[in-house]
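See below for the structure under consideration.
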Amino acid sequence: MFKNHVTHRISAYLHGELSADAVIAVQTHLADCSSCRNAMEEIRFSDRLVSTLRQVEAPESIWNEIHAASKMQDAAKQSRWPDRLLAAGIAVAFVLALGVFLNSHVPNVPAPGDLASWEVASVRGTPRIGRLQLNGTGRLRAGDSLQTNADSEAEVRIADIGQLDLDPNSRIRLISSNSDQHRIALERGRMTARTWAPPRLFVVDTPSSTAVDLGCIYSCEVQRDGSTLLHVTLGLVALDFHGRETVVPAGAFCRTRPGGGVGTPYFDDSSEQLQTALNYVDFGKDEGRASCRQGSRRQARRLPQLHGVRGCTHSFRSSTWERSRRLGAVSAASD
């Protein structure tokens, strides 16, 4: 039925508004189209975000204030007063309306006890909170560790700001949870986080860096050697290493290594040649040297500010920079 993408049908599909034939057609398309699956995930994320908002009735006084402001506008027109009077009336009405809007869009504030511990649910198998096996649901408190084995997965509600999925063979530890910051340590394995909170409220420590959520969907994986691979699906994540911060945008990966700091972000369509080159630039792997000098135009645009990378010789930086300039990724004025 659908020869092209079905993004315009996804919202109706998720809300049960399509016919049976249309549902089958959308599901068939989603099975083969990663682009539409990503779009569906973003719509689900938006629905979840909206669901956290509560509705309140506007105070009766606001209508009186708006009516008064309208009268001021009419009076200003009739008496030919300066435009400042009209602007003032409109400004008053706008500020009042904005105040009501913001008040009505503040998420419900949970009890302090709910913030201090997080709800955990077993998705598959029997994850453990400390030594306690989890068959249904439980609570993760500051200092507790949540661990999965090869046969288990868990879902965690991050206070009132989001959700975390913990993959098999993974372990997290809740460091602190309060209104100012929610912080965990990902000690091993892989997690996926979805948040709908102000920036910098959710923080994940890993053995090689700190991931600061800027409002997004992302996955983070700690590998056996302590290195971390971050993949941002939606929004932004800031990776911090001893005060040096790198912002990773949607669609990008970024590696960090213990003692080596944060690497250069690269997008999911980057070639293996480019990734090898970045491995050399960021962490001193020799096999990437030739790749940096021979990269394509598109790849060159993925290499920001190579001239400032520490650990590369002057001749290497110069040749790489010259190659990027010839490909049009940088201008002569940037030198």
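List of remarks:
- Residue in segment 175-186 that is within 12 Å of the chain's Cα centre (by Cα), charged (D, E, K, R) and part of a strand (DSSP E or B) present: no
- For segment 168-198, a residue qualifies if it is surrounded by fewer than 16 Cβ atoms within 10 Å (Cβ to Cβ) and either touching a residue at least 24 places away in the same chain (Cβ under 8 Å) or among the charged types (D, E, K, R) (or both), and the qualifying residues are 175, 176, 178, 179, 180.
- Test: residue in segment 185-194 that is over 20 Å from residue 148 (Cβ atoms) and among the polar types (S, T, N, Q): no
- If the condition is being of a type outside the set (Asp, Glu) and closer than 23 Å to residue 215 by Cβ, then segment 264-287 contributes 264, 265, 266, 267.
- Residue selected from segment 222-249 under the condition within 19 Å of residue 201 (Cα to Cα) and either of a type in the set (Val, Ile, Thr) or in contact with a Gly (Cβ under 6 Å, 6 or more places away or on another chain) (or both), by the criterion surrounded by the most Cβ atoms within 10 Å (Cβ to Cβ): 237
- Residue 32 passes every criterion in (1) buried (at least 16 other Cβ atoms within 10 Å of the Cβ); (2) modelled with pLDDT under 85 apart from (1).
- Of the residues in segment 144-154, at least one is among the polar types (S, T, N, Q), surrounded by fewer than 20 Cβ atoms within 10 Å (Cβ to Cβ) and closer than 21 Å to residue 190 by Cβ.
- Failed condition for residue 22, given (1) within 23 Å of the chain's Cα centre (by Cα); (2) at pLDDT 80 or above; (3) buried (at least 16 other Cβ atoms within 10 Å of the Cβ): (1)
The values are calculated or read from the model by the stated rules, or taken from the named source; none is laboratory data. For clarity, every value in this text was computed on a predicted model and none was experimentally measured. Methodologically, a virtual Cβ is constructed for each residue, glycine included, from the backbone with ideal geometry; neighbour enumeration extends over all protein chains shown.
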